[in-house]
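Written below as structure tokens is the structure these notes are about.
The values are calculated or read from the model by the stated rules, or taken from the named source; none is laboratory data. What you see is a predicted model; the values in this text were computed from it and never measured. Ideal geometry is used to build each Cβ from the backbone, glycine not excepted, and the neighbour counts take in all protein chains shown. The accessibility values were calculated without ligands, DNA or RNA, using every heavy atom of the protein model including side chains. Shrake-Rupley method; radii C 1.70, N 1.55, O 1.52, S 1.80 Å.
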Amino acid sequence: MRPIRLLLLGLFVMTTLIQADEDVTVVGEASDGRVIVPTNQVLTPAGKVVTFPGRPTDLALLPDGKTVAVKNLRDLIVLDAEAGTIVQTLKLPSGGHAVSGLIVAEDGKTIYTSGTGSKIHVAHRDQPDDPFQWAESWTLPAPKVGGDPAPTGLALTEDGKQVLALSGRGNTLWRLDRETGKAIGEAVQVGVAPFGVVIAGTRAYVSNWGGDPPKDDDPQAPSSKTRVKIDPKTGASASGSVSVVDLTTGKVLKAIATGLHPTGLTTDNEGRFVYVACANSDTVEVIDTAKDVVVESIEVRPEARLPFGSGPNALALSNDGARLFVANGTNNAVAVIALSNRLRKGGAEPAKPSQVLGFIPVGWYPGAVIERQDGSLVVANIKGQGSRNKTPDKAFNSHDHLGSVCVIPHFNDDALAKFTQQVSENNRQSRARSGLEPPGADVPPRPVPERHGEPSVFKHVIYIIKENRTYDQVFGDMKQGNGDESLCLFGREVTPNQHAMAEEFVLLDNFYCAGVLSADGHAWATEAYATDYLERHFGGFVRSYPYDGDDPLAYASSGFLWDNALAHGRTFRNYGEFVKATITPKTAKWKDLYADYLNDTKTVKIVPRATIATLTPYTCPNYIGFPGTVPDVYRAKEFLKEFKEFEANGDLPNLIIMLLPNNHTAGTRPDLPTPRAMVADNDLALGRIVEAVSHSKYWPETVIFVCEDDPQAGLDHVDGHRTVAQAISPYTRRGMVDHGFYSQVGLVKTMELILGLPPMNQMDLAAPAMRGCFQDEADLRPYTAKPNIVPLDEMNPSLSQLSGKALHWAQVSLELDLDDVDDAPEDTFNRIIWHAVKGVDVPYPAVARAEDDDED
């Protein structure tokens, strides 16, 4: 097979027609069969595609060679790979599926799969043609840190008598009796957050997401109650390792340092080499088991000069041992690697290292790959086709996961060349390559420069992140845009400022969040990326729900937008993002804080704390992030106090990031405002901030971007990811409706271009900037905030004032954990909000998912 990678320069060409089409299209299936996803990428999966509700994270081939077990979000799917049909769907007895861990016994009669929490589920059948049934569920021992063990990878010992099981939170490997599930001996302590395990001879090799425990003097931070070594500049985890365990003694022989986020592993039949996918380093590490050292590191990016961002997280060795297939999650592709002679069966020392031959287009975020005996590949795509689990006349929600499996027949050189070109086009690689060009000389300032490093008319960016609304929920009543008024909950009466800004500045009706919920939403909003850690946890966020920056394993090695800004000499101030707070007294209620806001008092003491240490010097000490017991007008007032100081001192930061979270609402809980009052509070706070900035001396050189972190708490008729976004500045095209296809990723890229920053990763490098929102001439007319129409202190009634359906939904709201963001089941919470606004007798719109399919 000829090395296709040498031809990539010629293949990374996307026609002008395709570029233009993608810039104006909408998310979903296009007329030509392509699938457009909210990250501005295109899917054209090779082979036969099987779709189903859920997010598949693992695959296992049964002994008959044609049947494949699929580890899905909340069920186990049995797939006939030859026919491309689902044979059986077996709903989990409880909870969801863990991030990894799926194995099949040699006789094909028993399947073991890791669930969330503490369970390992066992499915069994008596005869090869029988359907599987859940036989039992084993409970993995609790970890020393308390809470659930969060099982992950599984493996069967060579004699078939033991199941090796990893405890993700216990940082241990357990040997379990295959018949009873009982622990054999003591747990083996491995590295931090073990992910996968394979067996080579008498040894087990365990990949550790968080590497080995840090030494006392290492930079470190907690991850689910375990210390993790971190990068002192970004706060992201900075260690990866593979633990070598002697199965005869139960002792760890060695810890082998690898790239970051080592996840999937595989080994050749003789156990000579172990291959490790390192998702946060874009490499595959090769371990020689004779010496237990890394002998080769294979880079899997589509082109060597591209920045971080391929996300290799799973792999499979070809039947002949000559090739390695690597699931590049973020590239939506499988990399095909020709292994060096040294790594092949019977091979000699290599004349040259292993090399990437090309890429195969698959679904959104491939997370598992296997090769069948006939040479066909089976690939599980975690995000599949996006949030598209919908039948006609039903609204979309971001949790409408439509996963997929691709069955790809054996292919030749010519087919791989065409596949590689298609991957290039799907990922906008021509645009990515042009983004690496140096800035032009003597280029005049523009609102959004053409190249990174060229000057902008803007000197200051204010980036406001809000919570959980779709476009239709807020702007569905705006006739100018592509809205559905029947899905509008917080229209002009509730959000007069956002409506006025959309009309006075620009209405964006084709803007998308890249993420689904707050855990990945805040990562996309601040990193233009979501790691494998985030993409795999939707079965249940047992380790952490890191919307607030409290888990270094969740974040990309490329860092955050503020890291980028600070590294390039820009100034920065943080208001509430990745901030927790202590409120004293703990019994303080919303009305107490609202009174403090009205009276300019401080009867309730608030002490914010940045969850990432590197943010601390740049975080406003008086501005709180969550919870919603603090009104957004209170937050805005604290910001405006500092803004007056900036006006006086002339030192407004180049980048300001601000959290305005109360449009999340708190349902119908007594002692809290109604959902529409909380959204009105959020709207008024935004209006006052824009008014102050637009009347200040900084207005001629400032742009304000507003975006939701995610759109999960509502419905939209275009796609569950479509959301509310705004671009407010003197150079914004006034009174315009911009139908351009934009996303959070492109928004981050736009801010980088304005601030003269380089891209952080492949995603923001290739994304389209929001140039269509702006014009070259300034219009300095300021904005005047609109008063709220809905009273901010419109409170939810007490239970004693309610009856019937209203009482039912209020009681359900009280049963939910709303003290922290997104702890409540999303679908239930959305129904509460719907009926609170629309009325208890107005039917909730038809959706595809059952209510018991909610994520944590």
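Brief remarks follow.
- Beta-bridge orientation, region 572-705: approximately 55 percent antiparallel, per DSSP, counting only bridges with both partners inside.
- Cβ charges +1 (Lys, Arg) and -1 (Asp, Glu), total dipole of region 487-628, debye: 640
- Shape of region 382-455, Cα gyration tensor, a/c cut at 1.5: oblate
- If only the Cβ of Lys and Arg carry +1 and only the Cβ of Asp and Glu carry -1, the dipole of the chain around its Cα centre is close to 1120 debye.
- Fraction of accessible area attributable to carbon and sulfur, region 677-731 (%, probe 1.4 Å): 50
- Accessible surface, 1.4 Å probe, highest first, among residues His664, His522: His664, His522
- Alpha-carbon spread of region 360-486, three principal axes, descending order, Å: 60, 50, 23
- A simple rule links phi to the HN-Hα coupling: the Karplus curve 6.51 cos²θ - 1.76 cosθ + 1.60 with θ = phi - 60°, which for region 611-623 gives 7, 10, 4, 5, 7, 3, x, 10, 9, 4, x, 10, 10 Hz, with x for Gly and Pro.
- Measuring only protein heavy atoms, the 1.4 Å probe finds Glu454 accessible over about 10 Å².
- In this calculation the C-beta distance from Ala441 to Ala846 is compared with R0 = 56 Å, giving a FRET efficiency of 0.45.
- Taking max minus min of the alpha-carbon positions on each principal axis, region 182-228 gives extents of 36, 23, 16 Å, largest first.
- Probe 1.4 Å, all protein chains present, accessible-area order of Glu425, Glu527, Glu186, largest first: Glu186, Glu425, Glu527
- Calculated on C-alpha atoms, the gyration radius of region 502-542 divided by its Kirkwood radius gives an Rg/Rh of 1.16.
- Charge-dipole axis of the chain as Lys and Arg at +1 and Asp and Glu at -1 on Cβ define it, positive-most pick from Ser223, Gln88, Thr57: Ser223
- Gyration tensor (alpha-carbon) shape descriptor, region 670-803, a/c threshold 1.5: oblate
- Ordered from highest to lowest accessible area with the whole protein assembly present and a 1.4 Å probe, His808, His261 read as His808, His261.
- The chain - share of DSSP beta bridges that are antiparallel (%, nearest 5): 85
- Counting heavy atoms of the protein chains alone, Phe774 has an accessible area of about 10 Å² for a 1.4 Å probe.
- For a paramagnetic label modelled on Glu647 (point 7 Å from Cα along Cα→Cβ), amide N atoms under 16 Å away belong, within region 682-713, to 687-702.
- The phi torsions of region 695-709, fed into the Karplus equation with coefficients 6.51, -1.76 and 1.60 and a -60° offset, translate into couplings of 9, 9, 5, 7, 4, x, 10, 10, 10, 10, 10, 10, 8, 7, 6 Hz, rounded to whole numbers, with Gly and Pro shown as x.
- Of the residues Leu517, Leu807, Ser486, the one whose Cα sits farthest toward the positive end of the charge dipole of the chain, with +1 on the Cβ of Lys and Arg and -1 on the Cβ of Asp and Glu, is Leu517.
- Fully extended contour minus Cα-Cα distance, from Ala567 to Thr85, at 0.36 nm per residue: 168.4 nm
- Heavy-atom accessible surface of the chain, averaged per residue, reaches 34 Å², computed with a 1.4 Å probe.
- For Gly367, the residues whose modelled amide H falls within less than 5 Å of its own, excluding neighbours fewer than 5 places apart on the same chain, are Ala380, Asn381, Ile382.
- Region 502-635 - Debye-derived log10 I(q)/I(0), Cα point model, q = 0.14, 0.21 Å⁻¹: -0.80, -1.20
- Within the full protein context, the accessible area of Arg609 is estimated at about 140 Å² for a probe radius of 1.4 Å.
- Percent of Cα-Cα distances greater than 53 Å, calculated over the chain: 11
- Efficiency of FRET between Leu807 and Glu179 - r from beta-carbon atoms, R0 51 angstrom, step 0.05: 0.50
- Taking only the Cα atoms of region 619-734, the radius of gyration and Dmax are 15.6, 47 Å.
- In this Cβ point-charge picture (+1 for Lys and Arg, -1 for Asp and Glu), region 699-777 has a dipole of about 180 debye about its Cα centre.
- What the phi angles of region 755-764 give under the Karplus curve with 6.51, -1.76 and 1.60, with θ = phi - 60°, is a coupling list of 8, x, 9, x, x, 8, 7, 5, 5, 6 Hz, glycine and proline written as x.
- Residue among Phe572, Thr495, Ile606 farthest towards the positive dipole end of the chain, charges placed on Cβ: Phe572
- Length available on full extension from Leu253 to Arg781: 0.36 nm per residue minus the Cα-Cα distance, which gives 183.1 nm.
- Cα gyration tensor, region 44-126 - rounded (a/c under 1.5), prolate or oblate: oblate
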